[in-house]
Amino acid sequence: MGRGMSRRTGVGVFGWLWRLCIVLAVWLLGVTAWIVWIGERDQAQRADAIIVLGAAAYDAKPSPVFEERIRHGLDLYQQGYAPLLIFTGGYGGTGARFSESQVARRYALKQGVPDDAILIETASRTTRQNLIEARRLMEQRKLHRVIIVSDPLHMARALRLCRELGIDALASSTPSTRFRSFHTSWRFLAQEIYFFHRDLFPVGSTGSP
């Protein structure tokens, strides 16, 4: 009888672990689907400004990822969605000659955007800081509604931070992304899934990317 009870107990523990794994898998699939769904929506409509979130720059040249964001921001500006572009991003490393936002500004000027239609900040290093600095510029200019431009898989986190910071934001992801291979796309998605769960418990996360 003792052996029968032990066997049943073992099966019970295994059963609960199996159920827990199923619940965890369903949860992760749900989070993944939500991140992808948010990134595929385009909410672009009339706003006060377009915020282009920073990404890496190589000296005076934007990285392929950053260039996609800049180009999409310029497309929205040229289509008349907003009269101002806000480029974000500070200096990527020691010895950098230009901040990310300065690189974006140079790119926009070369495309014929007037200087008075561009605002930049050069202090931020993370997505949260991008948005905090952009909010400061918004408050100075009394801007209210903005369009956020970033990569599709990054958009869910960007919008969540906007809500946290009190920014009235619409999403417009880049129609294409440089994270094209399965390896880079999956790694970027895994990073966003990690940040989603970390932000659920924001203890000490004021400097989160």
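So here's what we get for this one:
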| read-out | value |
| --- | --- |
| Failed criterion for S101 (all others in (1) in contact with a helix residue (DSSP H, G or I) (Cβ under 7 Å, 6 or more places away or on another chain); (2) under 19 Å from T127 (Cβ atoms); (3) open to solvent by less than 20 Å² (accessible area, probe 1.4 Å) hold) | (1) |
| Condition met for G89 (over 27 Å from G166 (Cβ atoms) and assigned to a loop (DSSP other than H, G, I, E, B)) | no |
| When residues of region 61-98 are limited to those that are small (G, A, S) and under 16 Å from A158 (Cβ atoms), the one surrounded by the most Cβ atoms within 10 Å (Cβ to Cβ) | G89 |
| Residue satisfying condition, being over 17 Å from the mean Cα position of the chain (by Cα), open to solvent by less than 60 Å² (accessible area, probe 1.4 Å), modelled with pLDDT under 95 and within 30 Å of W27 (Cβ to Cβ), within set S181, S205 | S181 |
| Selection status of R125, surrounded by fewer than 21 Cβ atoms within 10 Å (Cβ to Cβ) and out of contact with any Asp or Glu (no Cβ under 8 Å at 6 or more places or on another chain) | yes |
| Pairs, first more than 20 Å from D59 (Cα to Cα) in region 101-130, second at pLDDT below 95 and polar (S, T, N, Q), C-beta under 6 Å, six or more apart | R128/S208 |
| Residue among Y91, Y58 that alone is within 30 Å of K142 (Cβ to Cβ), at pLDDT 85 or above and of a type outside the set (D, E) | Y91 |
| Considering residues of region 52-92 that are among the β-branched types (V, I, T) and touching a Gly at 6+ places or on another chain (Cβ under 8 Å) only, the residue farthest from N130 (Cα to Cα) | V52 |
| Number of positions in region 130-155 that are buried (at least 21 other Cβ atoms within 10 Å of the Cβ) and either farther than 20 Å from D42 by Cα or under 13 Å from the mean Cα position of the chain (by Cα) (or both) | 15 |
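Residue-by-condition table, conditions (1) assigned to a helix (DSSP H, G or I); (2) touching a residue at least 24 places away in the same chain (Cβ under 8 Å); (3) within 16 Å of S172 (Cβ to Cβ):
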| residue | (1), (2), (3) |
| --- | --- |
| L29 | yes, no, no |
| T32 | yes, yes, no |
| I38 | yes, yes, yes |
| A47 | no, yes, yes |
| I50 | no, yes, yes |
| A55 | no, yes, yes |
| E68 | yes, yes, yes |
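The values are calculated or read from the model by the stated rules, or taken from the named source; none is laboratory data. From a predicted model like this one, the values you see are computed outputs, not experimental measurements. Positions of Cβ are backbone-derived with ideal geometry, glycine not excepted, and every protein chain shown enters the neighbour counts. Just the protein is used for accessible areas: all its heavy atoms, side chains included, with ligands, DNA and RNA removed. Shrake-Rupley method; radii C 1.70, N 1.55, O 1.52, S 1.80 Å.
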